[in-house]
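All remarks here apply to the structure that follows.
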Amino acid sequence: MENNEIFNEVKEIFARIIDDKLEVFPSTASRDVKKWDSLNHVMLIAGIENKFGIQFDLIDMLEMRTISDICKGVEAQLKN
């Protein structure tokens, strides 16, 4: 799966779980999005894991602070 495809899928899940009105970029960070709190972060990661059939380690999940971080994590998991 290409980076752009991963980004688009992550963006759709983000819109559904966190904010459907916010324009999302790879640089979008949790600190910049009011609704991206710890609970929504867990729900976002769970949605991404379900969509891609992957599972992140807890440490990796906690270190994902931007959309780019998440996309890179998905890409790494898909390569394993």
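Among the residues here, Phe14 does not qualify as out of contact with any strand residue (DSSP E or B) (no Cβ under 9 Å at 6 or more places or on another chain), hydrophobic (A, V, I, L, M, F, W, C), surrounded by 15 or more Cβ atoms within 10 Å (Cβ to Cβ) and not in a helix (DSSP H, G or I). Determine, yes or no, whether Phe56 is within 16 Å of Asp69 (Cα to Cα), in contact (Cβ under 8 Å) with a residue 12 or more places away in the chain, of a type in the set (Phe, Trp, Tyr) and outside any helix (DSSP H, G or I). Yes; evaluated as a whole, the condition is true for this residue. Checked against (1) loosely packed, with under 15 Cβ neighbours inside 10 Å; (2) free of Cβ contacts under 8 Å to residues at least 24 places away in the same chain; (3) not aromatic (Phe, Trp, Tyr), Leu22 passes all but a single condition, namely (1).
Between Leu39, Leu22, the distinction of being out of contact with any Gly (no Cβ under 8 Å at 6 or more places or on another chain), of a type outside the set (Asp, Glu), farther than 22 Å from Gln77 by Cα and assigned to a loop (DSSP other than H, G, I, E, B) belongs to Leu22 only. Residues of the stretch 53-80 that are surrounded by 14 or more Cβ atoms within 10 Å (Cβ to Cβ) and more than 26 Å from Lys34 (Cα to Cα): Ile54, Glu75, Gln77.
Each value in this text was obtained by applying a stated rule to the coordinates, not by laboratory testing. The shown structure was predicted, so the numbers you read here are calculated from the model rather than taken from an experiment. Please note: Cβ atoms are built from the backbone with ideal geometry, for glycine as well, and neighbour counts cover all protein chains shown.
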